[in-house]
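Everything on this sheet refers to the single structure shown next.
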Amino acid sequence: MKVLGIETSCDECAAAVVDGGIIRSNVVASQIPFHAPWQGVVPEIASRMHTEWIYGVVETALNDAGLCPKDLEGVAVTAHPGLLGSLLVGLHFAKAFAWARDIPFIAVDHLLAHLYASRLGYAREESPDGRAVSPEVPDYPFLGLLVSGGHSAICRADDFDDVKVLGTTVDDAVGEAFDKVAKFYGFGYPGGAVIDALAKNGDSGAFQFPMPNLYKIGKDGTDHRYDFSYSGLKTAVVNQLEQFRVKKRGGTGETAARSADPAAAGDAEARDIAASFQKTAVEILLRGLFRAVRDTGITTVVAGGGVAANSCLRSRLAGHEKLRVIFPPPELCGDNGAMVAGIGERYLLRGDRSPMNETASARVRAFRKRYP
Ligand code: KG4
Ligand code: ZN
């Protein structure tokens, strides 16, 4: 079934065509340069740019797939979670497209779509580097390691639309921690890829940062053993920057302004900080994940979300002797339309349809949330 997928939940304006789980086209127009001066996504700018770009992005996705609008058999769109104004642009474009062509329309959850990304394959001619890619499709149930800029969770997936959160972050998402640390150090935006690159030549043992300990049963009996936290790590790494500045001033103890100041840490120190932070950030995730593996007996792990591109996370899990770990290819880790089209195709083939009064929601809908 030829399905158009539209993704505008944050700062990527994306559209793709998937047919039978095979990606026919995948266009991602990133707004990063427009948000970079603010070192974070500016919601107002994001929704305005989606409004300007969405038509051209969809047109390019159709052209790349060699299709006309009349060839499409369904439209899928991210409706939650995300920035409300941005979501609404994609949602209404998708509705209008489906209505005009009289084809079915389905609204999907962004996080379920991230977990679906690794199931998609490429036909030979559409693959980014010219080779056919047949995905290593994981059987259900599997443990999902969902790691993005807005959300982080360890979950149990029993089907593409049946996912339960076992543990989640109690404060920052892991990608958010990368972005915030990079912002404080003035490394650049978004922080994940920059820290990943810096860390490659750094010493991950140079600094010992704290691991949070949330392993407890709550008063109400809720089990927090798979939960994690990034605010303590983030604060420790940021405090280290203050120490560098004090050292540079000859130990005067003068309070440094919290402005981005890449020179403050010096090149070698910057690389060591990046490597030490990244190692701890990954260990925090893995501790919860390995607990979940041990307790559930599920040994297949599927990663999804922007942080799934992280080289340290990938190398820590690759070749794990007891686990089968599946990562999406790097271009399907971050936000993209293919994952939306892919999961949308599954719903549509089952006969699911969204009503024309479907609305967007900034918050997670498909997941049971423990922390409101
Ligand atoms: O899934 P995504 O594209 O958007 C959300 O749904 O949030 O994830 C974006 C996040 C950002 O926080 C970005 O810094 C992070 O993914 N990221 C990385 C890497 N590439 C992107 N984090 C760590 N290492 C990377 N290589
Ligand atoms: Zn995402």
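Which residue is farthest from the chain's Cα centre (by Cα), if the candidates are limited to the stretch 286-320 and must be assigned to a strand (DSSP E or B) and within 12 Å of ligand 1 (Cβ to nearest atom)? The qualifying residue farthest from the chain's Cα centre (by Cα) is A303. Annotation note: Cβ proximity below 6 Å between a residue of the stretch 165-191 that is open to solvent by less than 10 Å² (accessible area, probe 1.4 Å) and a residue that is of a type in the set (D, E) (sequence gap 6+ or interchain) occurs for G167/D227; G191/D179. Consider the stretch 132-153 and keep the residues that are in a strand (DSSP E or B) and away from ligand 1 (no atom under 16 Å from the Cβ). The one that is most open to solvent (accessible area, probe 1.4 Å) is V133.
Scanning the stretch 325-357 for residues that are at pLDDT below 95 and open to solvent by 70 Å² or more (accessible area, probe 1.4 Å) yields P330, E331.
Counting residues in the stretch 266-278 that are out of contact with any helix residue (DSSP H, G or I) (no Cβ under 8 Å at 6 or more places or on another chain), among the aliphatic types (A, V, I, L, M) and outside any loop (DSSP other than H, G, I, E, B) gives one or more.
When the stretch 157-183 is limited to residues that are closer than 20 Å to A236 by Cα and more than 14 Å from ligand 1 (Cβ to nearest atom), the one that is modelled with the highest pLDDT turns out to be D171.
Scanning the stretch 72-86 for residues that are open to solvent by less than 20 Å² (accessible area, probe 1.4 Å) and within 12 Å of ligand 1 (Cβ to nearest atom) turns up T78, H80, P81, S86. Is it fair to say A309 is surrounded by fewer than 24 Cβ atoms within 10 Å (Cβ to Cβ), touching a Gly at 6+ places or on another chain (Cβ under 9 Å) and not assigned by TED's automatic domain parsing to the domain that holds A16? For A309, the condition - surrounded by fewer than 24 Cβ atoms within 10 Å (Cβ to Cβ), touching a Gly at 6+ places or on another chain (Cβ under 9 Å) and not assigned by TED's automatic domain parsing to the domain that holds A16 - is met.
I want to confirm something. Restricting to the stretch 192-202 and keeping residues that are within 8 Å of ligand 1 (Cβ to nearest atom) and surrounded by 22 or more Cβ atoms within 10 Å (Cβ to Cβ), which single residue is nearest to V147 (Cα to Cα)? Going through the qualifying residues, I end up with G192.
In the set T296, T280, only one residue is over 27 Å from A338 (Cβ atoms), open to solvent by 20 Å² or more (accessible area, probe 1.4 Å) and in the same structural domain as F187 (by TED's automatic domain parsing); that residue is T296.
The values are calculated or read from the model by the stated rules, or taken from the named source; none is laboratory data. Here the structure is a predicted model, which is why all the values come from computation and not from measurement. Every residue, glycine among them, receives a Cβ derived from its backbone with ideal geometry; neighbour counts consider all protein chains shown. When the accessible area is computed, the model is the full protein with side chains, heavy atoms only, and any ligands, DNA or RNA have been set aside. Shrake-Rupley method; radii C 1.70, N 1.55, O 1.52, S 1.80 Å.
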